[in-house]
Amino acid sequence: MEEDIFIIDNLEVHKKDNFVAVSINPTLYSLEIIYSAAYTFIDRAYIIIDGDPKEEIIVQIRPKDNSADIENLGREFNNELINYSVYMHRTIKNQVIRETIVQRALNTNNFQPQASQYNRDSQENQISYIEDPDNIAKPWKAKE
């Protein structure tokens, strides 16, 4: 092993080539979670995802800015893996609640008044129109 390569936990830091390789256990993190975590880095780094999705996935992170701390990028990637794991877990856990809320919201638009209530409202509107206490129903020229 060369001096410019050192291993910290699941990170393999290559100082000379300026990249970090993150080894990921696919039984802990699904490909969807790995893709989501990698997506958050595409503005600051080039991402290469490789490996066997059943055994080990290797994510290489090469910063676009050569002055970036590559070890820190690897640690941030690990944090994003945890972040998206929690997000996915909560999404699955709250799915039934979200569906119930959306269903109730959509059902409120299906309100149909009872026939007796509709008739009573239309009769009240006709009476107030006929009485016209503010003289609104008169044509404009007739008001002068």
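Observations, loosely collected:
- Highest-first arrangement of 99-106, 48-55, where packing means the average Cβ count within 10 Å: 48-55, 99-106
- Sorting 59-67, 85-93, 20-28 by average packing, meaning the other beta carbons within 10 Å per residue, from highest down gives 20-28, 59-67, 85-93.
- Taking a straight Cα-Cα cut-off under 25 Å and skipping sequence neighbours fewer than 8 places away in the same chain, the lysines within cross-link reach of Lys16 are Lys64.
Each value in this text was obtained by applying a stated rule to the coordinates, not by laboratory testing. Keep in mind that what you see is a predicted model, and the values were worked out from it rather than measured. Note: ideal-geometry Cβ built from the backbone for every residue, glycine included; neighbour counts use all protein chains shown.
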